[in-house]
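Student: Have a look at this one before I ask anything.
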Amino acid sequence: MAFKIFILWSFVLLGRPQDLFVALQALRPALVIAAMSAGSTFLGPKGQQFSSVFRLPVTRKYVLFYLIMILGIPFAFHRGVAFNTVILAYLVNVLFFIIFVMEVDSLRKLKTVLFVIALCTLFYGAFGLMNGAFMGGRYAIYGGMFDPNDIAYVLISLFPLSFFFILHREGSLKKALALASILTALMVILYTGSRGGMLGLIAVIAFFLFTKMHGITKSHKVVFTVAMIILFMSISSKIDMDRYFTLTDVGSDYNVTDEFGRFQIWKRGFDLLLSNPLTGVGADCSAMAIGYAREALGITAKWQELHNSYIQVAVETGLIGFILFMALIMQSFKTFSRLKNIKATTPEAIEFKTISGLMLVAFIGQLVTAFFITQAYSLFFTTFFAFSAVMRNLSVKLDDRQRSI
């Protein structure tokens, strides 16, 4: 029962049905199901495994990163904003991470989580196409949680995992839903006009096509390439190609030349980091800090998001927080890379290798796209950190099982 509640909570957190069905918001589904999931896990049989979660290197780094965020609150540019972000918002991520690692202790459960992610992808894609609209040449879906750049980031982080159900025999229904999730996700990504999203998508496609992954043959790559060409040609009239073509002339882009472009914002971010190298300016305080820094210089006092998740972490948590965050990324990356190349002699190990490869593809897409948006504290980073911990645990079990055969 605890795992089923966790799965429901995962869908609510990652798929966010409450953004589409606004009436659900009054019921506070994320909060209610979070309490149910925590209670059923910590008070149930799994509660005895709580301490084992903290033996994992990824968990220790993740908890240290969170402690750095907490320690930065008294030194934050606005202590109230930092407190709300760290204690009231990001604590949900930490709780999700811990329960994720405790509950997902078998390949069967891991595949269930992947299917939930495929459903989340389809939910964003299908309902996004039905309820979204073009505004100023860019496509925005329902709700106010994500703008076009953010939704591209979300879908790029999720859709590669749906390929598992196409590559392995998991039933025709799952295969059809997975295919639909991939197609609708790709359409929405292209519609958004997100140039960072396009770079992330290119990274995903390039890694998929030009690296060896178990279970993915040349035929799969050819079919995927042809399908991408057909899809692109069929919807090209709705895509703002002029916006994407600006990637070929970065030097004249407003992000490079304009006072309010990303380069100038990043420069102000680095200035803030040099002024607050140890504690940072506090979680979610960078936009405000930049605004007041501009005012102090006698220029327009405009709050500006950093539009870079890595600079965001450095500026808001300081150098120690940044080092821990990058260590989490590197450890997760190495875990996925190593596990996609393990020796597989059983059907379970073969599936595990495929999942590891797809996990790496999705993670690469996320890392590239996150370079252009402010999403350092998003649940999607946390989810991949949790995946790396779970995959490490499962690899030990699978290895023991293969040796016993």
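The values are calculated or read from the model by the stated rules, or taken from the named source; none is laboratory data. All of these numbers come straight from a predicted model, not from anything done at the bench. So basically every Cβ, Gly included, is an ideal-geometry build from the backbone, and we count neighbours across all protein chains shown.
Student: Phe97: over 26 Å from Gln331 (Cβ atoms), in contact with a helix residue (DSSP H, G or I) (Cβ under 6 Å, 6 or more places away or on another chain) and of a type in the set (Phe, Trp, Tyr), yes or no?
Tutor: no
Student: Kindly indicate the residue of segment 208-227 that is polar (S, T, N, Q) and assigned to a helix (DSSP H, G or I) and also farthest from Leu367 (Cα to Cα) among those meeting that condition.
Tutor: Of everything passing the filter in segment 208-227, Ser219 is farthest from Leu367 (Cα to Cα).
Student: Of all residues in segment 157-174 being free of Cβ contacts under 8 Å to residues at least 24 places away in the same chain and part of a helix (DSSP H, G or I), which is farthest from the chain's Cα centre (by Cα)?
Tutor: For segment 157-174, the residue satisfying everything is Ser172.
Student: Shifting gears a bit: What pairs can you find where one residue is in segment 179-207 and in a helix (DSSP H, G or I), the other is of a type in the set (Lys, Arg), and their Cβ atoms are less than 8 Å apart, with a gap of 6+ or different chains?
Tutor: As it stands, the answer is Tyr191/Arg138; Tyr191/Lys238; Thr192/Arg138; Arg195/Arg243, since those pairs meet every condition given.
Student: Here is a list of conditions, (1) closer than 30 Å to Gly261 by Cβ; (2) more than 12 Å from the chain's Cα centre (by Cα), and Ala376 meets all of them except one; can you say which number that is?
Tutor: Among (1) closer than 30 Å to Gly261 by Cβ; (2) more than 12 Å from the chain's Cα centre (by Cα), the lone unmet condition for Ala376 is (2).
Student: I've got another one for you. List pairs: first residue in segment 51-73 and within 14 Å of Val390 (Cβ to Cβ), second residue in a helix (DSSP H, G or I) and of a type in the set (Gly, Ala, Ser) anywhere in the structure, Cβ distance under 7 angstrom, at least six positions apart or on different chains.
Tutor: If the second residue must be in a helix (DSSP H, G or I) and of a type in the set (Gly, Ala, Ser), the pairs left are Leu56/Ala389; Val58/Ser332; Val58/Ser388; Val58/Ala389; Thr59/Ala389.
Student: Further question on the same structure: Here is a list: Ser395, Ser404, Ser388. Which entry is among the polar types (S, T, N, Q) and modelled with pLDDT of 95 or more?
Tutor: Of the residues listed, the single one that is among the polar types (S, T, N, Q) and modelled with pLDDT of 95 or more is Ser388.
Student: If you check Lys218 against the conditions, is it under 26 Å from the mean Cα position of the chain (by Cα) and loosely packed, with under 10 Cβ neighbours inside 10 Å? Give the steps one after another, and end with the answer.
Tutor: Values: under 26 Å from the mean Cα position of the chain (by Cα): no; loosely packed, with under 10 Cβ neighbours inside 10 Å: yes.
No.
Student: Only one of these conditions is not met by Met213: (1) surrounded by 13 or more Cβ atoms within 10 Å (Cβ to Cβ); (2) within 26 Å of Ser162 (Cβ to Cβ); (3) hydrophobic (A, V, I, L, M, F, W, C); (4) at pLDDT 85 or above. Which number is it?
Tutor: (4)
Student: Among the listed residues Thr317, Thr382, Thr369, Thr354, which satisfies the condition of being assigned to a helix (DSSP H, G or I), of a type outside the set (A, V, I, L, M, F, W, C), in contact with a Gly (Cβ under 9 Å, 6 or more places away or on another chain) and surrounded by fewer than 24 Cβ atoms within 10 Å (Cβ to Cβ)? Steps first, answer last, please.
Tutor: Details: Thr317 fails: surrounded by fewer than 24 Cβ atoms within 10 Å (Cβ to Cβ); Thr382 fails: in contact with a Gly (Cβ under 9 Å, 6 or more places away or on another chain); Thr369 fails: surrounded by fewer than 24 Cβ atoms within 10 Å (Cβ to Cβ).
Sole residue among the options that is assigned to a helix (DSSP H, G or I), of a type outside the set (A, V, I, L, M, F, W, C), in contact with a Gly (Cβ under 9 Å, 6 or more places away or on another chain) and surrounded by fewer than 24 Cβ atoms within 10 Å (Cβ to Cβ): Thr354.
Student: Does any residue in segment 1-12 that is under 11 Å from Glu103 (Cβ atoms) and touching a residue at least 24 places away in the same chain (Cβ under 8 Å) come within less than 7 Å, Cβ to Cβ, of a residue that is basic (Lys, Arg) and in a loop (DSSP other than H, G, I, E, B) six or more places away or on a different chain, and which pairs are these?
Tutor: Note: no pairs meet the criteria.
Student: Same structure again: Which of the numbered conditions does Ala23 fail, given that it passes all the others? Conditions: (1) in contact (Cβ under 8 Å) with a residue 12 or more places away in the chain; (2) more than 27 Å from Met326 (Cα to Cα); (3) out of contact with any helix residue (DSSP H, G or I) (no Cβ under 6 Å at 6 or more places or on another chain).
Tutor: The failed condition is (1).
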